[in-house]
Structures are given as structure tokens and as C-alpha cells.
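The structure appears below as C-alpha cells.
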Amino acid sequence: MKEFWVRIPEKLSLVKKKDILKKSTAICDVILVSDEDVNLARGMGARKVASPSKGDIHISRLISPEEIGTLKLHEGNSGVEVTVQSGKDESLAILAAEAGAEYVLVSCPNWKVIPLENLIAKIPERSRLVAEVSDLEEARSAFETLEIGTDGILLKANDSETVEEVAEIVRSSENLLKLTEAKVTSKRPLATGARVCVDTCDIMKHGEGILVGCQSLGLFLIQAEVQVNPHVETRPFRVNAGPVSSYVLTPGNRTRYLSELKAGDEVLIVDRNGRTRTANIGRIKIESRPMMLIEAESQDFKIKTITQNAETIHLVTPDGSISVSELKVGDTVIARLEEGGRHFGTLVRGEMVIER
């Protein structure tokens, strides 16, 4: 599980500290304060408090390798804080983790991404790497670095509004999208139509793609063009998604029409287990191609999607993928069901919307 830490700066006024704590205690895993503010944090209901020596977790600021031997890292509930400005500082953080630090808190004031990439790759799994961030974008970057992301983030909080914004990123990084299995009931070729290829700025793997469908209540997981074949090169950045009128799921559980997408927009990449990540679109490519209608059933819902009629388009299945050209009645594919209607892409539960 990703952890959300909030640092309450000692220099803030008591009123400001209480305002941030009031918001933080309900949504944060750990509050990091000075020893003088431990009782304040506990009194306002903090689940777990970290401080240099009086909290539930003892965090020591580390400057040199010689200091590691003086810390009681092997006793648990302890960690170190390192400011990373060079490769030497990265090595110091790694040494502390190898010495038994349960938490390694790092702040990277100059280079934000490369040091985190190095530390994610080298910190032992038994230690939890927590990156200090100051805003929403830095939090998003920390969780997306090397696709794995850090184990947590430490927000230096100067106001309660930023705490709430960043908390949403933490929650979304852990939320799995609920997917289901659907049985194919029919397929048939259609005439030529305008189909959309979504070319992202990312690389997708087997079992990853985007959710697309004719109805917002039922979306099919269309795999990226990652399958090797003897006729064309793979294009792991691309999903051949379907006609311009189809819905596609985007971040924030919003649907958009494929026709609306453009370079720079965000799209939601999903794998068969429901893990999600956000990617920017590099290009939208619309061409006239022969189409195919695919219908399926799941939990008494009848859902449909239309794809290009070609061997390179694959639907994701529970244990692989299958080309739409080889798809048969009775095959099982991965889909997402959602009850309720959509108003300009936003889910409205309880609204009656009929899509056929």
C-alpha cells in the first residue's frame, strides 16, 4: 500500500498547524512533526506520529555514513531522512536501508526524477522509500517513476487545501478498477467507418490497453498493438480503439468520445487486473477502415463494441488476448460494467439512460 505522510513545518503558527492537522489526521498515514508538536498531533487524532525521538516512528536526519552506526535502526519503527543532491547522497540513503532503516525519507531539491529512479531500483524491498513533495504534480511524478513509484510521499504542508488535493492522488494510485468477464454472444462485419488509433506517449505491455465501448455501461479492454506478427511491426504505444463515436474511459472515471481526443489529452491505461496509469496522447489517427460489431453478456448486461476488422486488434482475455478476427461466440473477454447514465462524460447514478 502506498503511504501518505504529511510534514507539519515547525515555523507555522499554532492556528495554521491545527488547520492542517484537522484535515490530515483523517486521510494521512503518518504525521511528521518536531518533538515539540508530538502531543499536539496526537491530541488532534493522528493515527501515527513521526518525530526525531518522541513519536511512534523515530526519524533521524542523516548527513554522513559514520552516523548510521549510531542509530538504532535494527529495533524497528525507525527511519532516516536524507537530502539527495548527488550520487554520494543516494549511496547514503541506500546504506541506511541496508543497515535496517524501515523508512528512508528523501528530498530531492534539484533533480526530481533521476535520483528517485536510482533509489527505487536500489533500495532493498524491506525498506520503504518515501519521497518529499511540495505539490500535486510532484506527488504524481513520485508515484509514476519507473512505473513502480515510491512506497509513499511526504507532503510538506503549508495549507490544508494541498493536503486534500494530494490525498486524492494517493488514493487513486491504490484504487484498482473493477473489471469483469464477459461472454461473446455474436460478431459480424460492418461497412467501412472512421476508426481511431490512439497513439500515446507511453509504452504498453501485453494485457494493457484502454477501455472502449458503444455504451458507457459496458466497456471492452482493447489491447495495445503489442502482438508480434509477420506482416507489421508492433506499436506498443498504440491502441486501435474503434469508431469515432465510441466511448473511452479517461482519468477521473469520465468517458469521452474517441472523436474528442487530441494530442496532449490524458487517457487511462488499464491492465487485465484493473491496475491503471495515466498517459498523454501523442497523436490521434483517424482513417476509413472496414469495421466489426462485437456483442457480449456479463451479469445480465448486454454490451457492445465496434472495432476495425483486422487481425492486429486484440481484446484482452483473463489469461491473454485474442484477435477480433479469431474471436468466437463463447469466448471470454475482459470488460468494465458501470450502472447509471453519463452527463457530459460524468457518471450520474440512478439516472435512466438507454443505450442500444
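The values are calculated or read from the model by the stated rules, or taken from the named source; none is laboratory data. It should be emphasised that the depicted structure is a prediction, and the values quoted were computed from it without experimental measurement. Here the Cβ is made from the backbone with ideal geometry for all residues, glycine too, and neighbour counts use every protein chain on show.
The set of residues in region 207-244 that are part of a loop (DSSP other than H, G, I, E, B), more than 21 Å from GLU297 (Cα to Cα) and out of contact with any Pro (no Cβ under 9 Å at 6 or more places or on another chain) comprises GLN227, VAL228, ASN229, PRO230, HIS231, VAL232, GLU233, THR234, PRO236, PHE237, VAL244.
Applying the criterion of being touching an Asp or Glu at 6+ places or on another chain (Cβ under 9 Å) and part of a helix (DSSP H, G or I) to the residues of region 161-189, the residue that is modelled with the lowest pLDDT is SER173.
With respect to ILE59, determine if the residue is under 21 Å from ALA131 (Cβ atoms) and either in contact with a helix residue (DSSP H, G or I) (Cβ under 9 Å, 6 or more places away or on another chain) or outside the structural domain of ALA142 (by TED's automatic domain parsing) (or both).
Working: under 21 Å from ALA131 (Cβ atoms): yes; either in contact with a helix residue (DSSP H, G or I) (Cβ under 9 Å, 6 or more places away or on another chain) or outside the structural domain of ALA142 (by TED's automatic domain parsing) (or both): no.
Answer is no for this residue.
Looking across region 127-149, the residues that are modelled with pLDDT of 85 or more and among the β-branched types (Val, Ile, Thr) come down to VAL130, VAL133.
Would you mind stating whether ILE20 is in contact (Cβ under 8 Å) with a residue 12 or more places away in the chain and within 19 Å of VAL166 (Cβ to Cβ)? Yes; evaluated as a whole, the condition is true for this residue. Meeting the requirement of 1 or more residues that are within 16 Å of LYS2 (Cα to Cα) and out of contact with any helix residue (DSSP H, G or I) (no Cβ under 8 Å at 6 or more places or on another chain), the helices (runs of 4 or more DSSP H) wholly within region 64-149 are 114-122, 136-144. Inspection of region 298-314 identifies no residue that is surrounded by fewer than 18 Cβ atoms within 10 Å (Cβ to Cβ), part of a strand (DSSP E or B) and modelled with pLDDT of 95 or more. Taken together, ALA26, ALA46, ALA50, ALA41 contain a single residue that is surrounded by 20 or more Cβ atoms within 10 Å (Cβ to Cβ), part of a helix (DSSP H, G or I) and in the same structural domain as ARG128 (by TED's automatic domain parsing), which is ALA41. For region 104-131, the set of residues classified as surrounded by 22 or more Cβ atoms within 10 Å (Cβ to Cβ) and not polar (S, T, N, Q) consists of VAL104, LEU105, VAL106, CYS108, PRO115, LEU116, LEU119, ILE123, LEU129, VAL130, ALA131, listed by residue number.
Among the residues of region 191-206, those that are part of a loop (DSSP other than H, G, I, E, B) and either surrounded by fewer than 22 Cβ atoms within 10 Å (Cβ to Cβ) or free of Cβ contacts under 8 Å to residues at least 60 places away in the same chain (or both) comprise CYS201, ASP202, ILE203, LYS205, HIS206. Residues in region 272-297 that are under 25 Å from THR185 (Cβ atoms) and surrounded by 14 or more Cβ atoms within 10 Å (Cβ to Cβ): ARG272, GLY274, ARG289, MET291, MET292, LEU293, ILE294, GLU295, ALA296, GLU297. Considering every residue within region 165-172, establish whether at least one is in contact with a helix residue (DSSP H, G or I) (Cβ under 8 Å, 6 or more places away or on another chain), among the hydroxyl-bearing types (Ser, Thr, Tyr) and closer than 21 Å to ASN280 by Cβ. No, region 165-172 has no match at all.
Mind telling me which of the residues ILE281, ILE306 ends up being more than 15 Å from CYS214 (Cα to Cα) and assigned by TED's automatic domain parsing to the domain that holds LEU217?
Details: ILE306 fails: more than 15 Å from CYS214 (Cα to Cα).
Step by step, each of ILE281, ILE306 is checked, and only ILE281 is more than 15 Å from CYS214 (Cα to Cα) and assigned by TED's automatic domain parsing to the domain that holds LEU217.
Give the residues of region 227-267 that are under 16 Å from VAL324 (Cα atoms) and at pLDDT 95 or above, sorted by residue number.
First, pick out the residues of region 227-267 that are under 16 Å from VAL324 (Cα atoms): 227-229, 239-243.
The answer is VAL239, ASN240, ALA241, GLY242, PRO243.
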